[in-house]
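Trainee: Once you've had a glance at the structure underneath, I'll fire off some questions.
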Amino acid sequence: MRVGNQATLQELAERIDQADAVVIGGGSGLSSAAGYDHYHWSPALSEALAPFREQYGFTSPLAGFYHCFSSYGEQWGYYSQYIRFMWEAPTGKPYLDLQALVADKPAFVLTTNVDQQFFRVFPQKQICAFQGDFSYCQCSQPCRDDIWENRELVKELTGRLVGVSLLWEWESRSLIHKFLKPCMI
């Protein structure tokens, strides 16, 4: 590590030590440093999403969220595989380090990250993820403000993947309705 960086880190540690509380603003750089770069193909995401990358030629993992899929089965196939990867991915070291750095201080996190990492190291009541989080679904209307954890839905959907597509039949739609009720999709 360069001397200038060490001095900056030392000053930061001292200021945190002196603070009564800490407000953390966290963005995609933390996830990129953890190996989960959503804007470029990092090894972890490249491997997990390889069939989709090869089939559609996505330039990044995030590009799949802007792609005009030809069916809901393909669209939800991508979404569910991406989200399942993030559910199962290990907690990134930068997040663990940050948690340790502020462990003895009241802390509040403001983040644009949607990849669940902050929720693994800080209590939910101490986080404002103002762009949402991959861990939850919400009615597409939206008819209400409620959100639902999607872990079980994502597991069931990825279990129905055939190549890069879900068999988008009555069963898959019913499954999504089951997990997202009482909203109407």
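Only the coordinates and a few stated rules stand behind these numbers; no lab work does. Since this is a predicted model, take the numbers as computed values, not measurements. Methodologically, a virtual Cβ is constructed for each residue, glycine included, from the backbone with ideal geometry; neighbour enumeration extends over all protein chains shown.
Trainee: Pairing the Cα long axis of helix 3-18 with the longest principal axis of the chain, what angle in degrees results, from 0 to 90 and rounded to the nearest 10?
Mentor: So the helix axis and the longest Cα principal axis differ by about 90 degrees.
Trainee: Report, for the chain, the % of DSSP beta bridges that are antiparallel, rounded to 5.
Mentor: Expressed as a percentage, antiparallel bridges in the chain total about 40.
Trainee: Ranked by Cβ crowding within 10 angstrom, fewest neighbours first, how are HIS38, HIS67 ordered? Mind dumping the intermediate values first?
Mentor: Values: HIS38 20, HIS67 14.
Fewest-to-most Cβ neighbours within 10 Å comes out as HIS67, HIS38.
Trainee: Please work out the Kirkwood hydrodynamic radius for region 7-66, using every pair of different C-alpha atoms, and report it in angstroms with one decimal place. Could the numbers behind the result be given before it?
Mentor: Working: mean 1/r = 0.0716 Å⁻¹.
By the Kirkwood definition, the hydrodynamic radius is 14.0 Å.
Trainee: Please list, or write none, the aspartates and glutamates whose alpha carbon is within less than 20 Å of the alpha carbon of LYS105, excluding same-chain residues fewer than 8 places away.
Mentor: GLU11, GLU14, ASP17, ASP20, ASP97
Trainee: While we're looking at this one, here's another question. To make sure I understand, if each residue's beta carbon is the centre and we count other beta carbons within 10 Å, what order do THR158, THR112 fall in, fewest to most?
Mentor: On the way: THR158 19, THR112 12.
Ranked by crowding around the Cβ, least crowded first: THR112, THR158.
Trainee: Find the Cα radius of gyration of the chain, compare it with 2.2 N^0.38 Å by division, and give the number to two decimals. All intermediate terms of the calculation are to be shown ahead of the outcome.
Mentor: Numbers: Rg = 18.9 Å, N = 185, 2.2 N^0.38 = 16.0 Å.
This ratio for the chain stands at 1.18.
Trainee: So what is the calculated 222 nm ellipticity per residue for the chain, using -39500 (n - 2.57) for each DSSP H run with n of 4 or more, over all residues, to the nearest 500 deg cm²/dmol?
Mentor: On the way: 9 runs with 85 residues, N = 185.
One gets -13000 deg cm²/dmol as the mean residue ellipticity at 222 nm.
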